[in-house]
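The values are calculated or read from the model by the stated rules, or taken from the named source; none is laboratory data. All values reported here derive from a predicted model rather than from experimental measurement. FYI the Cβ positions are ideal-geometry reconstructions off the backbone, even for glycines, and counts take in every protein chain you see.
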Amino acid sequence: MGCEVRVVFFAAAKELVGCREASLSVPSRLSFSELKDILLEKYEALKILESNFILAKNQEYLDFEGDALVVFKSGDELAVIPPISGG
Amino acid sequence: MKDDYAMAHLSNAEVARYGRQLILEDFAVKGQLALKNASVLIVGCGGLGCPTASYLSAAGVGILGLVDYDCVEINNLHRQVLHDEEKVGMNKALSIAASLKKQVLNSLIETRTHEILLNKDNAMGVISTYDIVVDCSDNVPTRYLLNDACVLLNKPLVSGSALRYDGQLTVYHSDGGPCYRCIFPKPPPPYTVANCSDGGVLGMVPGIIGTLQALEVVKLLTKTGDTLRGKLMIFDGASSSFRKIKLRERREDCSVCGRCPTITELQDYELLCGASANDKDADVDLLDEFDRVEVKEYKRIVDVSSPHILLDVRPKAEVSICVIPGSINLPFNSLTRQVCDESYVGQISERCVECNSSPDQPLPVFVVCRRGNDSQIVVETLKKTLEQLPVVVKDLKGGLHAWASDVDPEFPVY
């Protein structure tokens, strides 16, 4: 079973991908590392960040421990948030 | 040293001055006394540090520490609103202290300036004398340094950052919450980190984030409201939207705040991050002298109308500021390290035909950018992509900054 999630890119991720929002097909149950693989396969430009970003589902941090289970339903939001360091 | 009675009571002058916040139910006299007895260290006296210092000073934080090694530049003034034209060249910590004295006129508080670059040897000594640290810095090494020092000294860290239209804000190592390393265990690859000098920043964005940092400090000190402990506030100035991401709890295996930390003293953070602890650009030195030409030499080529091509690899917004006449704009994306447009190969090929260039008499292609860093990367790329054409690709050494200083003093510098 798959579903469509809304991906929102912030800061350097937005610049690398070239848009603020996109739609992504993901299985409704998958591990964190599978989710990251799908994301990086579709948005290869993010690879240069070398995983230096947070993934958040519906505004909640997803733990980057590889086998943590992530459950999605259609319409969920996945945010890609690299840190900013300017000031 | 203020005496015990003064620290436990508000004077009539203080009641008069802070009346509008004193009458807030959860703030009240105990809140004001908490501020009066507090010491807060602001690290970085720039776009974030200015509003943070302004509001904390106005609110009556007893001792305000200001750290900055850097001096005021004219290009700071659009966002660093406590500095002004007369203070260009002055140390930023001293400049803020002077402005607070003049503008905020809060004779009831004390400021302490630290005109230093914090590093592993001096950070603990400075930070240990303050209750809370506010990260208003502009670079990755300082962010890891402050995080580790705050964990080791058990101080909360109010962390803010801003770039372009984006801002981020959270409170680390507070009340059992996560630290910076719990969320970002590894520093980013250095070339993916943009600074305000290259990426640009709209002044109000650090203005908003710095003001929110001051609010978090006041809530931490007065124990009112909910702080951003364990939450990351994201501000998108382009759409005027705030978002609050719930972060994870403290990481049991965090290398600095976990159960068995491997980091028990400060490290060399420039080494850890592969970057300098400032937001200045390091000079790139990629090419041999043969692949480079001085701007004065280029000027002679222009003066004798010798056939050549000048490629300006800056982003379009920068080209709209100033340009050397006759150049072709070929924007280079410093993040993806690619030129954005492939049509230039055809254009250069046509010029080679027009100019009758040959392998014996190749057409010079000069590459220019703002400072002469990106242009070197592009020269390396073009030497490969233009291999089949009768051209010789060279970097214009020092870029438009060199052009302005050595050839055309009227040329704008940004």
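Side notes on the structure shown:
- The single condition among (1) in a helix (DSSP H, G or I); (2) in contact (Cβ under 8 Å) with a residue 12 or more places away in the chain that B:G346 does not satisfy is (2).
- Filtered residues of segment B:337-354 (kept if among the β-branched types (V, I, T) and out of contact with any helix residue (DSSP H, G or I) (no Cβ under 7 Å at 6 or more places or on another chain)): B:I348, B:V353
- For segment B:8-20, the count of residues that are touching a residue at least 60 places away in the same chain (Cβ under 8 Å) and buried (at least 18 other Cβ atoms within 10 Å of the Cβ) is nonzero.
- Set side by side, the residues B:I328, B:I321 differ, and just one is touching a residue at least 40 places away in the same chain (Cβ under 8 Å) and in the same structural domain as B:V379 (by TED's automatic domain parsing), which is B:I321.
- Pick from segment A:58-87, criterion among the charged types (D, E, K, R) and touching a residue at least 40 places away in the same chain (Cβ under 8 Å), ranking: nearest to B:L232 (Cα to Cα): A:E77
- Verdict on A:L49 being more than 10 Å from every other protein chain (Cβ to nearest Cβ) and free of Cβ contacts under 8 Å to residues at least 60 places away in the same chain: no
- Screening B:V319, B:V323, B:V407, B:V313 for residues that are modelled with pLDDT of 95 or more, in contact with a Leu (Cβ under 7 Å, 6 or more places away or on another chain) and under 28 Å from B:K280 (Cα atoms) leaves exactly one candidate, B:V313.
Matching residues to (1) hydrophobic (A, V, I, L, M, F, W, C); (2) surrounded by 15 or more Cβ atoms within 10 Å (Cβ to Cβ):
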site	(1), (2)
A:A11	yes, yes
A:G18	no, no
A:S23	no, no
A:L35	yes, yes
A:L39	yes, yes
A:L49	yes, yes
A:L55	yes, yes
A:A68	yes, no
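- Tally of residues being assigned to a loop (DSSP other than H, G, I, E, B) and within 8 Å of another protein chain (Cβ to nearest Cβ) across segment B:192-217: 3
- For segment A:57-67, the criterion of a residue being in contact with a Leu (Cβ under 7 Å, 6 or more places away or on another chain) and among the aromatic types (F, W, Y) is satisfied by at least one position.
- Segment B:110-154, residues that are in a loop (DSSP other than H, G, I, E, B) and surrounded by fewer than 19 Cβ atoms within 10 Å (Cβ to Cβ): B:E115, B:I116, B:L117, B:N119, B:K120, B:D121, B:N122, B:S128, B:T129, B:D131, B:N154
- Taking the criterion of being in a loop (DSSP other than H, G, I, E, B), more than 31 Å from the chain's Cα centre (by Cα) and free of Cβ contacts under 8 Å to residues at least 40 places away in the same chain, the residues of segment B:361-414 that qualify are B:Q361, B:P362, B:E387, B:Q388, B:P390.
- Looking at segment B:1-44, the helices (runs of 4 or more DSSP H) lying wholly inside it that each contain 2 or more residues that are of a type in the set (K, R) sit at B:12-22, B:28-36.
- Unique match (being more than 9 Å from chain A (Cβ to nearest Cβ), closer than 24 Å to B:L82 by Cβ and in contact (Cβ under 8 Å) with a residue 40 or more places away in the chain) among B:D131, B:D135, B:D148: B:D131
Residue-wise test of (1) crowded, with 21+ Cβ neighbours inside 10 Å; (2) over 25 Å from B:I263 (Cα atoms); (3) among the aliphatic types (A, V, I, L, M); (4) at pLDDT below 95.
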| site | (1), (2), (3), (4) |
| --- | --- |
| B:S174 | yes, no, no, no |
| B:V205 | yes, yes, yes, no |
| B:V218 | yes, yes, yes, no |
| B:K244 | no, yes, no, no |
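- Subset of segment B:292-307 that is surrounded by 14 or more Cβ atoms within 10 Å (Cβ to Cβ) and in contact with a helix residue (DSSP H, G or I) (Cβ under 6 Å, 6 or more places away or on another chain) - its residue that is nearest to the other protein chains (Cβ to nearest Cβ): B:V295
- Some residue of segment B:53-71 being in a helix (DSSP H, G or I), of a type outside the set (G, A, S) and surrounded by fewer than 21 Cβ atoms within 10 Å (Cβ to Cβ): yes
- Subset of segment B:248-276 that is buried (at least 21 other Cβ atoms within 10 Å of the Cβ) and assigned to a loop (DSSP other than H, G, I, E, B) - its residue that is nearest to the other protein chains (Cβ to nearest Cβ): B:A275
- Scanning segment B:218-230 for any residue that is more than 30 Å from B:L24 (Cα to Cα), without any contact (Cβ under 8 Å) to a residue 24 or more places away in the chain and assigned to a loop (DSSP other than H, G, I, E, B) turns up nothing.
- Under the condition of being over 20 Å from B:L247 (Cβ atoms) and within 12 Å of another protein chain (Cβ to nearest Cβ), the residues counted in segment A:52-86 number 1.
- The strands (runs of 3 or more DSSP E) located wholly in chain A that include 1 or more residues which are of a type in the set (A, V, I, L, M) and over 22 Å from B:E249 (Cβ atoms) occupy A:2-9, A:21-27, A:29-31.
- Given (1) buried (at least 17 other Cβ atoms within 10 Å of the Cβ); (2) at pLDDT below 95, index of the condition B:V158 fails: (2)
- Sole residue being under 25 Å from B:L152 (Cα atoms) and touching a residue at least 60 places away in the same chain (Cβ under 8 Å), chosen from B:I263, B:I301: B:I263
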